[in-house]
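Structure first, commentary second.
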Amino acid sequence: MRSAHLTRSIASSRTIGTGLIIGALAVTLASILIPVSLFGESSAAVLRNGVTDDGGGTVSTQYGPLTVTDRDFVRKVRLAGTWELPAGRLAQERGDREAVKTAGEHLIEGHTELDRRSEEVGRALGIQLPTQPNAQQQSWLDEMTGAGSSAEFERVFANRLRAAHGKVFNLVAQVRAESRNSMVRSLATRANAIVLDHITVLEDTGLVDYDAL
């Protein structure tokens, strides 16, 4: 009797333990698959480095395979221009420091070029590109526009833009290293140089709060 009771207890414990393991795995899997909203795209899952999965998978093109990461990168290059170009113009208009005006000039030049290049890539590869900043980017522009003084504007300008460039730098490097699409790889090569230049001139303003990055 004692042996039968012990056997039933062990079997019951095993069943409970297995159930807990399966439950934990289900929760983990659900957390991986739940869609996350990013850049205004409400039904797209987010992969590593903040890459937004548009659900299109990898497709063949005459320039090489085009992956989810490739397409997201091209969209992000264009999206950056929708708010960084206006921010550069604001720096030219509202900045007192010469270093801030210089940073604004670099932003205008760099994103004018990247806009042109990303639009060429988008047309060639059939990638629909954004034309307006997302809500967060617009809020940053509004913050700059609403700054009560040149000094406040310059602080917001330098820190918002330096933080944004730092975040995108990892994605640029990933795409440059991994993409097998020649058009996307060429865009990433140029974007890498321009983003690094922008980081440098923004830091040269002397206004970047590194502890807040």
Mind checking which residues of the range 53-73 are in contact with a Leu (Cβ under 6 Å, 6 or more places away or on another chain) and at pLDDT below 95? Asp53
Just to be sure before I move on: is Ala45 over 23 Å from the mean Cα position of the chain (by Cα), open to solvent by less than 70 Å² (accessible area, probe 1.4 Å) and modelled with pLDDT under 95 in the structure I sent? no
Yes or no: the range 109-131 includes at least one residue that is without any contact (Cβ under 8 Å) to a residue 24 or more places away in the chain and either open to solvent by less than 30 Å² (accessible area, probe 1.4 Å) or within 17 Å of Ala164 (Cα to Cα) (or both). no
Within the range 74-92, can one find any residue that is buried (at least 18 other Cβ atoms within 10 Å of the Cβ), at pLDDT below 70 and in contact with a Pro (Cβ under 7 Å, 6 or more places away or on another chain)? no
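The rows are residues; the columns are (1) among the β-branched types (Val, Ile, Thr); (2) over 15 Å from the mean Cα position of the chain (by Cα); (3) surrounded by 15 or more Cβ atoms within 10 Å (Cβ to Cβ).
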residue	(1), (2), (3)
Asn134	no, no, yes
Gln137	no, no, yes
Glu143	no, yes, no
Asn159	no, yes, yes
Arg162	no, no, yes
Ala177	no, yes, no
Ala193	no, yes, no
Ile199	yes, yes, yes
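The values are calculated or read from the model by the stated rules, or taken from the named source; none is laboratory data. Because the structure is a prediction, the values reported are computed rather than measured. Note that we place each Cβ from the backbone using ideal geometry, even for glycine, and neighbour counts take in every protein chain shown. These accessible areas exclude ligands, DNA and RNA; they are computed on the full protein's heavy atoms, side chains included. Shrake-Rupley method; radii C 1.70, N 1.55, O 1.52, S 1.80 Å.
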